[in-house]
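Visitor: My questions will all concern the structure given below.
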Amino acid sequence: MELKEKTKISPRILAKHLTQMTSLQIIEKKKDAESGKYPIPVFYQATPELITYIRAVLTREETANLLEPALNKTKDPLQLLEAIHESSQLYFIELLKQIQQNKNITNQQIWFFAECFLWTNYKKYTIKLIEASRKITDDFNINQLYINQAKRQIRTSTALLRIYNNSKKEPQKKT
């Protein structure tokens, strides 16, 4: 009744949507038979997966909206693209950790995580970056972009080589 009042949707249409969302396991349905009320009250709540997904969408939107101001400040779309790559790599590592810790993880759970945090994020951020870049493309010094990117790659390669050389010196630890 509360959903009907708040949504202003007819009871029939609302029941249809709630049934669909319950069968898709987006929401959970619980009857309160112990309440002593008639008709028996029914409660619906979002599943943890839906809550995770909604939080991911909200975070993705907030982050995507920061790309244009960041590009206007840096005038270097490759620097922002690199940050997008880095965040994707961190999420990928988190996914590998989840797989490593939970040998019973299902493909459905893996795809859900990848959808929430990898594929959709990468697509959304790069589209926003392209759109923002188109607006100020005349402000770019393409040669300077190449130089800046080469410098970043040299710094990254040097840091990775340092980590590799240090790991050879230390005894390998099992995790």
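Visitor: Quote to one decimal, in nm, the extra length available between residue 123 and residue 10 on full extension: 0.36 nm per residue of separation minus the C-alpha distance between them.
Guide: Roughly 37.0 nm would be gained on extension.
Visitor: So for the chain, averaging the separation of alpha carbon pairs under 8 Å that are six or more residues apart and normalising by length, what relative contact order in percent results?
Guide: 19 percent
Visitor: Distance from the Cα centre of the stretch 31-60 to that of the stretch 63-100, in angstrom?
Guide: 32 Å
Visitor: When the helices in the chain are scored as -39500 (n - 2.57) per DSSP H run of 4 or longer and the sum is shared across all residues, what 222 nm value do you end up with, to the nearest 500 deg cm²/dmol?
Guide: The helix contribution divided over the chain gives -23500 deg cm²/dmol.
Visitor: Quick check for me: using +1 on Lys/Arg Cβ and -1 on Asp/Glu Cβ, what's the dipole size of the chain about its Cα centre, in debye to the nearest 20?
Guide: 360 debye
Visitor: Which of the pairs 6/31; 8/128; 29/124; 8/31; 6/128 have their Cα atoms more than 25 Å apart in this structure?
Guide: 8/128; 29/124; 6/128
Visitor: May I ask you to compute the full-extension gain from residue 43 to residue 170, defined as 0.36 nm times their residue separation minus their alpha-carbon distance, rounded to one decimal in nm?
Guide: This chain segment gains 40.1 nm when fully extended.
Visitor: Return the aspartates and glutamates within reach of residue 30: Cα separation strictly under 18 angstrom, same-chain partners fewer than 8 residues apart disregarded; answer none if there are no such residues.
Guide: 2, 49
Visitor: Can you spot the lysines whose alpha carbon is less than 24 Å from residue 151's alpha carbon? Ignore those fewer than 8 places along the same chain.
Guide: Within reach: 73, 75.
Visitor: Let me ask another. Just the number, please: Stokes-Einstein D of the stretch 49-140 in µm²/s, Kirkwood Rh from C-alpha pairs, 20 °C, 1.002 mPa s.
Guide: Value of D from the Cα-based Kirkwood radius: 150 µm²/s.
Visitor: If you don't mind, there's one more thing I want to ask. Would you kindly state how much longer the chain becomes between residue 3 and residue 138 on full extension, computed as 0.36 nm times their sequence separation minus their alpha carbon distance, in nm to one decimal?
Guide: 43.5 nm
All of the numbers you see were taken from the coordinates with simple rules; none came from a lab. Worth saying up front: this structure is predicted, and the values here are computed from it rather than measured. Neighbour counts are summed over all protein chains in view; Cβ atoms, including those assigned to glycine, are modelled from backbone coordinates with ideal geometry.
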